[in-house]
Amino acid sequence: MRIDIVFDTVCPWCFIGKHRLEQALQLRPGVKAELCWRPFLLNPDLPPEGMDRDVYLERKFGSSYRIQRIHGAAQQAGESEGINFAFERITRTPNSLQSHRLIQWAADYGLQTELVEAVFRSYFEDGQDISQLSVLVLLAEKVGLPAHDALNFLQGTVGKEEVEEQNGRMHRLGVTGVPCYILDNRYAVSGAQEADMLARLIDIARETEPEGVSR
């Protein structure tokens, strides 16, 4: 079974959703799932260097009370998933294009999922700027990718158009929020659903597989 996860690296609920999907797959040990991470740019108009976090939050959400509520909800949900959100450590909201480029490149090494986890933790728990090449290269090396090759890749432009094209395709398909899970190109659900809900969706996809297909 192929599961496409449409996500952004700066979305806290995508981080939560990743862990819940992994729990769902643990509930279905007989399922062999291929996870494919698809880019979705929540802030495509951000400058390449990102912007001050406080300015971004004020423009996007307005009052500090609303911001506290949004962060509090994510922190509470994250605690049960082993995620320690530290929003207070984040000083800049990064442009996520470079991180998506690197994650797409990591697919050639079979390390997409590992890199996604590393990028999420770096940003949401350590407050690092994941638009910085130095940060991304260290994360690549951490999960077993060749650091020199990662740096060369990031310093070029290969993959930029692909990320932008995939982002556009997801919008054309009607994806308006992330995370969004697409199972075998036949079933889709949006939002950081609970693990049992995702497990039931996996069951439905398996029960309605085309004749002759076994997973």
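The values are calculated or read from the model by the stated rules, or taken from the named source; none is laboratory data. Not measured: the values here are computed from a predicted model. Using ideal geometry, Cβ is built from the backbone for each residue, glycine included, and neighbour counts are taken over all protein chains shown.
Here T208, T157, T176 are screened, and the one residue that is at pLDDT below 95 and more than 16 Å from the chain's Cα centre (by Cα) is T208.
Just one of A86, A77, A107, A73 is under 27 Å from E194 (Cα atoms), hydrophobic (A, V, I, L, M, F, W, C), within 16 Å of the chain's Cα centre (by Cα) and at pLDDT 95 or above; which is it? Talk me through it step by step, then tell me what you get.
Values: A86 fails: within 16 Å of the chain's Cα centre (by Cα); A77 fails: within 16 Å of the chain's Cα centre (by Cα); A73 fails: within 16 Å of the chain's Cα centre (by Cα).
Just a single option satisfies the conditions, and that option is A107.
Selection of region 198-209 for residues being surrounded by fewer than 16 Cβ atoms within 10 Å (Cβ to Cβ) and in contact (Cβ under 8 Å) with a residue 40 or more places away in the chain yields only D203. Taken over region 34-50, the criterion of being without any contact (Cβ under 8 Å) to a residue 60 or more places away in the chain and touching a strand residue (DSSP E or B) at 6+ places or on another chain (Cβ under 9 Å) is satisfied by E34, N43, L46. Could you tell me which numbered condition R53 fails, if it satisfies all but one of (1) over 28 Å from D108 (Cβ atoms); (2) surrounded by 15 or more Cβ atoms within 10 Å (Cβ to Cβ); (3) without any contact (Cβ under 8 Å) to a residue 24 or more places away in the chain; (4) not aromatic (F, W, Y)? R53 satisfies every listed condition except (3).
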